[in-house]
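Visitor: Input: one structure, supplied below.
The values are calculated or read from the model by the stated rules, or taken from the named source; none is laboratory data. Just so it is clear, the model here is predicted, and its values are computed rather than measured. Here the Cβ is made from the backbone with ideal geometry for all residues, glycine too, and neighbour counts use every protein chain on show. Note: areas computed on protein heavy atoms with side chains; ligands, DNA, RNA excluded. Shrake-Rupley method; radii C 1.70, N 1.55, O 1.52, S 1.80 Å.
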Amino acid sequence: MKKDIVIAGVGGQGNLFASNVLSQFAINKGFEVLGTETIGAAQRGGSVVSHIRISDMPVFSPLIPRGSADVLIGMEGLELLRNMGMLNEGGYYILNLYFVPTVYSNLGIDSYPSKDEIISAAKRTGRNGYEIEATHKAAELGSTQMTNVVLLGALAKLDGFFEFESMRDLVKLLSPQKFQEKNMLGFENGYKLI
Amino acid sequence: MEKKYIMGNAAIARGAAESGVKVAAGYPGTPATEILEGFVEYPGIHAEWSCNEKVALEVALGASLDNVRAIAVMKHNGTNVSTDILMHLNYTGVAGGLVLISADDPGGLSSQNEEDSRILVHTYANLPVLDPCSAAEAKAMVKEAFELSEQTQMCFVIRPVMRVCHSRSLIEFEDYDPARFTGGKWRDDRERYIMSAVEVRELGGIKRPQARHRWLNNKYSELMALGEDSPFNSIEEGEGDIGLVGCGIGYTYIKEAATRFSKRYPILKLGTLPIPEKKALAFMKDKKEIIVFEEIEPVVENLLKQLCQENGLSVKIHGRSGFYPSDGELTVRMVLEAIKKANRELKVDDFNSTEVDIEVPVRTRTQCIGCAHRALLYNIKRVARAKKGIVFGDIGCHDAGSFKPMELQSTIYCMGSSIPMATGAFFAGESKPVFSMVGDSTLFHLGINGLINAAYQKSNQVVILGDNSTTAMTGFQPHAGSGVNLYDEIVPKVDLDKLGEAIGVRVYRIDPYDLKTTYETLKKAAEEEGVTLVIASKPCFLMASRQEVELFKPLEVKVDEEKCNGCMICINDFGCPALVYEKHQKKVHIDSLSCVKCGLCAEICKRGAIG
C-alpha cells in the first residue's frame, strides 16, 4: 500500500495544515510517512506545494517523482495544472474552483486560462477528477482560511483510506483552540460538497 | 522511545539539545531558519538571532573556547559572510564541541544562488563535513559531530540540503538532560587562540600561521580514518561493473530510482568529507564505471577521480561535471536518466506522467496584499521616475519590487550591498541621482557598514530604510531593532534616528501608508545634497495580522466600472494581487476574497474609480 499525495496552492491557503492532518492520520494508522514542502517565498503570493508520502514500505525521497502521485489536491486552478504531471495513471485530482491571477497575467504578458479551459485541460490528461467550490464554501462559512479543511472533508468522502471520524478528530486536535469548531464545521461541509 | 513527526530542522535542533549544547547562534535564512527557533523550548540553552552569520559563528566559537558545546546555524550565503572567522578557527581548532550548520538550497528555491557550501568549508577551509541523507541521519550526525569535534579539536560542519531541512518524518527522541548545562570554564591556550604572525620557538621559528596550517594538514589523515569506520559511509553489494555513489540526499534518489528497475547496482553511500579512501577504493576496484550523485558541484566526483589517479585505477567516473545536469536540484528522474545513459539495456519501469497540453503561466512572488513595502515602493518609483534616478536594491521582501510589474530596483546582490553600490555609482560620476533601499534586518546585518561609509565618503544618495521591525522574509525573526529577542523578552532597541544622527546623515521619518507625505519627503530628499536616510516604519502586515494588531482602518473598496478606463496605473505601478485586470472588459476589479481593505488603491487611482 502506498499513497503519494500532492497539495498545490498559493501562499496563505493553509496548505501546510492540510498536509499535517493527512500525515498525522497516516502515522496514527501505523504507516511510514515522509513529507516536504516548498516554503520560503510562500507568504508572498508564490506557489506552495506539499508532498506527503504514505507507505507500508520504507520511503526514501521526500519528493514524489513526477508521474507517481496518487492524489493531487489543487487548491488553486493554475497550481493544479502546473502539477497535473505529478499524477500516475490511476491517480485522481480534486480541483478547488478558485483562481488567483498571476502578476504576468494581470499585465497581459501571460494569459490566465478561463475556468472552463482549466477544467477541460485537466480532464484531457485522462486522470479522474472532481471539481468543488471549497473557497466559496469556506467564505460562506465565515472565512476563506477554511479552504483547506473543506478540501480535507471532500477528500475524506472521495477516498476510503481517509476515515471521516478520525480525520475530523485530527482537524480539531491540530487546530488552534479558537478555530476548532469552525474548522470541524468546514470539514463536515467539505464532506457534503461531493 | 518517543517518536515525533517533525521537520528536519527541528530534528537537528533536537540532536544538538540531546548533545548538551549550551550556546546556539545564527541568522535567519531559508532553509535553515527553524533550526535555531527549535532551541527556544529547551531551558538551559542560550539561543540568539545574531546580527549576522560572522557574529553568530564568533559567538559560538567564544562559547566553545570557554569549554561548552556550541552551534552556529546559517544558510550557504550566510556561511560566505562568516568566511573570515571560519578561516581562522580552522587553524586554531576548538575546545568545547563546535558544530556549524550550513544549509544549502540546490535549485535556489529561496536563495540568490545555488552554491555548494562544501567547497567553502571543506575544499577551502579544510574542515570535516557531514552531509545527511535524511532528517533522522541529520540528527544522528549532529550528535556524532559534537563527540568528534571534541575528540579532534576541530569544528565539524553539517551540510543539510533544503529537502532534509524541510522534510517531515517520524524522529526518535532520546534523553534530553538539562543537568548537562554546566557553566563554561575558560582555560588560556595562547599557542592556539592568538592567531598572529609570531615566531614559534619549538618549530625553529616558523610563524604561527604556518605552524597551525601544518597542524590542520596533519588532521586530514585522522579525519579520513574516522570516515572509514563512520556509520554514515557504507557499501551495499550489487551486480555488474557499474557502481553508484550517493552522497547525502543523493543516496535517497538512488534508492527511489532503484524501485523502478530489477537490476541491483552496487551502491556506495557517503556522508562524510574527507571521503573514506580505503572504502572508496575497495568499492571502485572491480568497477568499470561509477556515477556519483551529489548536491550540487562535483566535489566527491573530483575527489574520487583524484583517488583513482593516485592509485592507478582506470575506472570512469561520471557525475555533476557533465554526465547529467550540472545545475539544479537532483530528481529521481535525473538519476534514472543517468543510469540509463550508462546502461542502455536496462529495462526501466518509467513514470507515466501526462502534463496538461496548454501553457501554464509562471507565478512570481510579490509583496503580500496589504504590505507597507508596496506603498513605499510605489512612491520610490514615482520619485525615481520623475528624477530619472537609479535604485540599488537589497535582500528582503521588498526585493520583489525589482520584478514585474514595478521593475524598480536595478540591482539585487547580497546582504547590505545596496548602499555601497549606490556610493560606487555616484563616485563613478553617474549623472542620474542614486537611491538605495535596504530593510531593517539587513541594515543591522551588514548594511550599517555601507551607510557609515556613504556618509564618511560624502556620497550623495537617498537611502530608504523599509523598517517593518522584523525579519519578515524568513518568517518574522526579531532583530536588534525589534525591541524583543528570540525569547520575546524586552531588550534594548536600536534607535534608528539617533543612529542616523551619530553616523552624520540627514534623517527623515515617514509612515509608508501615508502616500502623500511619503511622496513629498522622498522628493525633497532627492533634491538635497549628501546622504539622506528616509526611515519608512510600519510593522510587517502579515505579522501584525497574526498578532491581531490593526495597522489601518479597514476600507471596503470596489471599482466603479463607469469611471475605470483600464489605464492600468494601479496594476503597473502598484500591482496589488487583489487588483485583477479583466482583459475582455478592459477594466480592473477587486477580488473581495483576497482584499484586506487597506484602501491604498483608492488613493492611487487617478480617476477616482476605486472607492
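Visitor: Could you tell me which numbered condition residue B:349 fails, if it satisfies all but one of (1) under 29 Å from the mean Cα position of the chain (by Cα); (2) open to solvent by 50 Å² or more (accessible area, probe 1.4 Å); (3) touching a residue at least 40 places away in the same chain (Cβ under 8 Å)?
Guide: Unmet for residue B:349, out of (1) under 29 Å from the mean Cα position of the chain (by Cα); (2) open to solvent by 50 Å² or more (accessible area, probe 1.4 Å); (3) touching a residue at least 40 places away in the same chain (Cβ under 8 Å): (1).
Visitor: Restricting to segment B:1-19, name every residue that is touching a residue at least 60 places away in the same chain (Cβ under 8 Å) and within 22 Å of the chain's Cα centre (by Cα).
Guide: B:6, B:7, B:8, B:9, B:10, B:11, B:12, B:14, B:15, B:16
Visitor: Pick from B:550, B:556, B:520, B:582: which is of a type in the set (Asp, Glu) and in contact (Cβ under 8 Å) with a residue 12 or more places away in the chain?
Guide: From the options B:550, B:556, B:520, B:582, the qualifying one is B:556.
Visitor: Same structure again: What are the pairs with Cβ atoms under 7 angstrom where one residue, in segment A:100-129, is charged (D, E, K, R) and the other, located anywhere, is open to solvent by 30 Å² or more (accessible area, probe 1.4 Å) and part of a loop (DSSP other than H, G, I, E, B)? Sequence gap at least six, or different chains.
Guide: The qualifying pairs are A:115/A:99; A:117/B:358; A:124/B:357.
Visitor: Here are some conditions: (1) within 12 Å of chain B (Cβ to nearest Cβ); (2) not in a loop (DSSP other than H, G, I, E, B). Residue A:169 meets all but one. Which one does it not meet?
Guide: Result: residue A:169 fails condition (1) only.
Visitor: Next up: Hey, can you tell me all the residues within segment B:236-291 that are away from chain A (no Cβ under 13 Å), buried (at least 18 other Cβ atoms within 10 Å of the Cβ) and hydroxyl-bearing (Ser, Thr, Tyr)?
Guide: The answer is B:265, B:272.
Visitor: Being within 24 Å of residue B:253 (Cβ to Cβ), assigned to a strand (DSSP E or B) and within 8 Å of chain B (Cβ to nearest Cβ) is true for just one of A:72, A:34, A:63. Which residue is that?
Guide: One residue alone meets the criteria, A:34.
Visitor: Follow-up question, since we're still on this one. Check A:82, A:53 and return the single one that is buried (at least 20 other Cβ atoms within 10 Å of the Cβ), basic (Lys, Arg) and facing chain B (nearest Cβ under 7 Å).
Guide: The match here is A:82.
Visitor: Determine whether residue B:301 is open to solvent by 60 Å² or more (accessible area, probe 1.4 Å) and among the charged types (D, E, K, R).
Guide: no
Visitor: Now, a different point. Determine if segment B:365-375 includes at least one residue that is open to solvent by 30 Å² or more (accessible area, probe 1.4 Å), within 13 Å of chain A (Cβ to nearest Cβ), under 26 Å from the mean Cα position of the chain (by Cα) and free of Cβ contacts under 8 Å to residues at least 60 places away in the same chain.
Guide: Yes, segment B:365-375 contains at least one residue that is open to solvent by 30 Å² or more (accessible area, probe 1.4 Å), within 13 Å of chain A (Cβ to nearest Cβ), under 26 Å from the mean Cα position of the chain (by Cα) and free of Cβ contacts under 8 Å to residues at least 60 places away in the same chain.
Visitor: Checking residue B:362 against (1) under 21 Å from residue A:48 (Cα atoms); (2) in contact (Cβ under 8 Å) with a residue 60 or more places away in the chain; (3) part of a loop (DSSP other than H, G, I, E, B), which single condition isn't satisfied?
Guide: For residue B:362, the failing item is (2).
Visitor: Still on this structure, I have one more. Would you point out which residue out of B:102, B:64, B:110 is of a type outside the set (Val, Ile, Thr), surrounded by 21 or more Cβ atoms within 10 Å (Cβ to Cβ), within 11 Å of the chain's Cα centre (by Cα) and over 18 Å from residue B:271 (Cβ atoms)?
Guide: B:110
Visitor: Let me ask something additional. Assuming residue B:176 fulfils every condition listed in (1) over 30 Å from residue A:19 (Cα atoms); (2) open to solvent by 30 Å² or more (accessible area, probe 1.4 Å); (3) not hydrophobic (A, V, I, L, M, F, W, C) apart from one, which condition is it?
Guide: (1)
Visitor: Next question. Tell me the residue from B:359, B:430 that is open to solvent by 10 Å² or more (accessible area, probe 1.4 Å), within 11 Å of chain A (Cβ to nearest Cβ), acidic (Asp, Glu) and over 21 Å from the mean Cα position of the chain (by Cα), please.
Guide: B:359
Visitor: Same structure, new question: Any idea how many residues of segment B:462-477 are under 24 Å from residue B:9 (Cα atoms), in contact with an Asp or Glu (Cβ under 8 Å, 6 or more places away or on another chain) and open to solvent by 30 Å² or more (accessible area, probe 1.4 Å)?
Guide: Residues flagged as under 24 Å from residue B:9 (Cα atoms), in contact with an Asp or Glu (Cβ under 8 Å, 6 or more places away or on another chain) and open to solvent by 30 Å² or more (accessible area, probe 1.4 Å) within segment B:462-477 amount to 0.
Visitor: Continuing with this model, one more query. Check whether at least one residue in segment A:123-141 is under 30 Å from residue B:9 (Cα atoms), more than 8 Å from every other protein chain (Cβ to nearest Cβ) and open to solvent by less than 40 Å² (accessible area, probe 1.4 Å), and report yes or no.
Guide: Scanning segment A:123-141 turns up no residue that is under 30 Å from residue B:9 (Cα atoms), more than 8 Å from every other protein chain (Cβ to nearest Cβ) and open to solvent by less than 40 Å² (accessible area, probe 1.4 Å).
Visitor: Still on this structure, I have one more. Just to check your reading of the model, which residue among B:139, B:185 is assigned to a loop (DSSP other than H, G, I, E, B), touching a residue at least 60 places away in the same chain (Cβ under 8 Å) and of a type outside the set (A, V, I, L, M, F, W, C)?
Guide: B:185
Visitor: I'd like the residue in segment B:207-250 that is in a strand (DSSP E or B) and of a type in the set (Gly, Ala, Ser) and, out of all such residues, is farthest from the chain's Cα centre (by Cα).
Guide: Residue satisfying both the conditions and the ranking: B:243.
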